[in-house]
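Undergrad: Sharing a structure, written as structure tokens. Questions coming.
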Amino acid sequence: MALVGLVLAEHGPLVLGLVLGARGVAGTLFVLFSGALLGRVRRSTALAANDLVQLAVMLGFAFGPGDTAWFLCLAALSGVAGSVGEPAAGSVMPLLVPGHRLQEANALRSIVGRTMGVTGPAVAGVLVALLEARTVPLLIAGAFAVGAAVMLCVREAPPPAESSTTMGANLRAGLREVVRRPWVLAIIAVATVQAPATLAPGFTLLPIVVADAYAAPVYGLALSCMSAGQLLGGVVAARWSPRHPGLVSLAGVLVYPLVLLGLAATVPAWLLLTGYAATGVGFMLFGVYWYTALQWAVPQDLLGVVIGADQVGSFGLEPVGYAVSGALAEAVGPRPVLVGAAVVGLVTTLAPLAVPGVSRLADSPGDDGNGR
């Protein structure tokens, strides 16, 4: 939010789009390499290094020149460094938490992350309104300094001796790990399709349909209900360990295509908002069970690459979906696009259930994987 305020104040929406795009593209391009790097360094050290780079980026925004090229370079640097964040955070958890507490730890991490995702932009928005635009990055730099100090205090065992393998070998081994576990490959494939074809159209067209068919506050309420649902889902995931977490996860994901159909049909506002709350619960359950399953099944030295592959699948094509869904809505109207997105979502959510291991999010009996 602070970055948004600074770029808008000095350049306007066009440059803001370029800056955010540069950060996103850089992060997506490097996430697999970051995952491979984690086989050679401590995860906590990688997270500390990311915080230090982000600190430098914030100082660059605060004290550097205000031209567009400088902002784009800083955004790309931020994206490259930030690409290590999710693979490192996801793969460090099994090193810090006993296996039987992983699900609770993942749920807590998700709850904290969701809470910060809601409150952080609000606080940043207040600071941007009260302070000079280039002052706020200094405060954020201080927060990154604290984060780096905390990560450097984490006690984590060094990588094993075999970590002397090259990053390229680590990357290939991690991708083989994805391919040889059908349930992992199936879920990543679902994310790769749904991100541009279901999620992006839904979020792009929500404000358009709301403005046309509902009262103005419904848009903000829908997003708030989804956030509230995610917090509730985190609490449920911390307490509930179903026998078939994959089945529960996909049932939760299935809610969103139904919500898109409701949005296209202009269902009553209360029903639409209930659907967005249920979507938040479903997304959070899926995220916690999925990460826990990966941490249980995938060898520790390859977990960063597998999480990196998941990140590429989840976010790599999403910007394309935003652009295409907007263009299609201009051509045929938003409602046909929502219906198409819902159909893709329904089919791609149900199809993986035919893949061995998906319903349990675990290797099938007799596989040579670690299983559960």
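The values are calculated or read from the model by the stated rules, or taken from the named source; none is laboratory data. Small disclaimer: the values here were computed from a predicted structure and weren't measured. Methodologically, a virtual Cβ is constructed for each residue, glycine included, from the backbone with ideal geometry; neighbour enumeration extends over all protein chains shown.
Undergrad: I'm told Ala251 meets every condition in (1) small (Gly, Ala, Ser); (2) surrounded by 21 or more Cβ atoms within 10 Å (Cβ to Cβ); (3) closer than 22 Å to Ala362 by Cα except one. Can you identify the failing condition by its number?
TA: All conditions pass for Ala251, except number (2).
Undergrad: Restricting attention to the stretch 261-319, and to residues there that are outside any helix (DSSP H, G or I) and without any contact (Cβ under 8 Å) to a residue 40 or more places away in the chain, which single residue is surrounded by the fewest Cβ atoms within 10 Å (Cβ to Cβ)?
TA: My answer is Pro268.
Undergrad: Against the condition part of a loop (DSSP other than H, G, I, E, B) and touching a residue at least 12 places away in the same chain (Cβ under 8 Å), how does Ala215 come out, does it pass?
TA: Spelling it out, Ala215 is indeed part of a loop (DSSP other than H, G, I, E, B) and touching a residue at least 12 places away in the same chain (Cβ under 8 Å).
Undergrad: Filter the stretch 261-308 for residues that are over 16 Å from Ala88 (Cα atoms) and of a type in the set (S, T, N, Q); which is nearest to the chain's Cα centre (by Cα)?
TA: Thr279
Undergrad: For the stretch 112-164, which positions are among the hydroxyl-bearing types (Ser, Thr, Tyr) and modelled with pLDDT under 70?
TA: Those that are among the hydroxyl-bearing types (Ser, Thr, Tyr) and modelled with pLDDT under 70: Ser163, Ser164.
Undergrad: Quick one: Asp67 ticks every box in (1) modelled with pLDDT under 90; (2) surrounded by fewer than 18 Cβ atoms within 10 Å (Cβ to Cβ); (3) under 25 Å from Gly282 (Cα atoms) bar one, so which box is it?
TA: Unmet for Asp67, out of (1) modelled with pLDDT under 90; (2) surrounded by fewer than 18 Cβ atoms within 10 Å (Cβ to Cβ); (3) under 25 Å from Gly282 (Cα atoms): (3).
Undergrad: Would you tally the residues in the stretch 96-117 being assigned to a helix (DSSP H, G or I) and crowded, with 16+ Cβ neighbours inside 10 Å?
TA: 11
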